[in-house]
Amino acid sequence: PEDVDLFSHLKTGVRMVDCGAFIGDTLQQTVQYFEHQNHKIDYIALIEPDSKNLKPLQQNVKKYSHDIDLVVIPAGVWSDSQILEFDSNGSSSVVMEAGEVNANATEKVPVVSIDQVFYGMKPNYIKMDIEGAEVNAIKGAEQVIRDFSPVLAICLYHRGSDLWEI
């Protein structure tokens, strides 16, 4: 809601990690929201593991890269950094835990921990829409969450237990 400014406490610009950036479909809304709220954007890191989405994501990023520091990271987000199986399915692609069996897993992708990659960048806003990998990704962001108390926008509808567990 426009009358609820979740970012009013920030003493710096917005430092966002967008986990599950897809094709950059929320980038325009994000930029417009922060401009409307008069919040400076320090950077937005857009993390997307699906190679099919990277070209359209890069095209959307180009629209804003002259005004904002943006970086696309072709990876998934997890509890630690490793290589995992991946079911590439456009808007509902899924990273599988080691040992998890999925006949549709067609490739392997790198996954990264937010703590390992972004800790020094002190993110203050983390958005996750990562098709059921949210619990693992939050475990990989434990230090960032404890030390910097970022605003969290986490999808809870991918797994039934997420509403209570997260």
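Out of everything in region 8-30 that is among the hydrophobic types (A, V, I, L, M, F, W, C) and at pLDDT 90 or above, what residue ends up being nearest to the chain's Cα centre (by Cα)? Result: Cys19.
Listed conditions (1) at pLDDT below 95; (2) within 22 Å of Lys40 (Cα to Cα) are all met by Asp87, apart from (2).
Results for (1) exposed (fewer than 15 other Cβ atoms within 10 Å of the Cβ); (2) modelled with pLDDT of 85 or more; (3) among the hydrophobic types (A, V, I, L, M, F, W, C); (4) more than 20 Å from Leu46 (Cβ to Cβ), shown as yes or no for each residue.
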| position | (1), (2), (3), (4) |
| --- | --- |
| Val117 | no, yes, yes, no |
| Asp129 | no, yes, no, no |
| Ala137 | no, yes, yes, no |
| Gln143 | yes, yes, no, yes |
| Arg146 | yes, yes, no, yes |
| Leu156 | yes, no, yes, yes |
| Ser161 | yes, no, no, yes |
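Can you say whether Tyr33 is hydroxyl-bearing (Ser, Thr, Tyr), open to solvent by 30 Å² or more (accessible area, probe 1.4 Å) and either out of contact with any Phe, Trp or Tyr (no Cβ under 8 Å at 6 or more places or on another chain) or modelled with pLDDT of 95 or more (or both), as far as the supplied structure shows? Full working, then the answer.
Details: hydroxyl-bearing (Ser, Thr, Tyr): yes; open to solvent by 30 Å² or more (accessible area, probe 1.4 Å): yes; either out of contact with any Phe, Trp or Tyr (no Cβ under 8 Å at 6 or more places or on another chain) or modelled with pLDDT of 95 or more (or both): yes.
It is true that Tyr33 is hydroxyl-bearing (Ser, Thr, Tyr), open to solvent by 30 Å² or more (accessible area, probe 1.4 Å) and either out of contact with any Phe, Trp or Tyr (no Cβ under 8 Å at 6 or more places or on another chain) or modelled with pLDDT of 95 or more (or both).
Limited to region 11-30, what total is found for residues that are crowded, with 17+ Cβ neighbours inside 10 Å and at negative phi? Looking only at that region, the number is 11. Residues of region 44-73 that are in a loop (DSSP other than H, G, I, E, B) and surrounded by fewer than 16 Cβ atoms within 10 Å (Cβ to Cβ): Lys63, Ser65, His66, Asp67, Asp69. The set of residues in region 38-58 being over 15 Å from the mean Cα position of the chain (by Cα) and either touching a residue at least 60 places away in the same chain (Cβ under 8 Å) or over 10 Å from Ile23 (Cα atoms) (or both) consists of Asn38, His39, Lys40, Ile41, Asp42, Ser51.
The values are calculated or read from the model by the stated rules, or taken from the named source; none is laboratory data. Because the structure is a prediction, the values reported are computed rather than measured. Counting neighbours? That spans all protein chains shown, and the Cβs are built from the backbone with ideal geometry, glycine included. The protein model used for the area step is the full one, side chains on, heavy atoms only, and it has no ligands, DNA or RNA in it. Shrake-Rupley method; radii C 1.70, N 1.55, O 1.52, S 1.80 Å.
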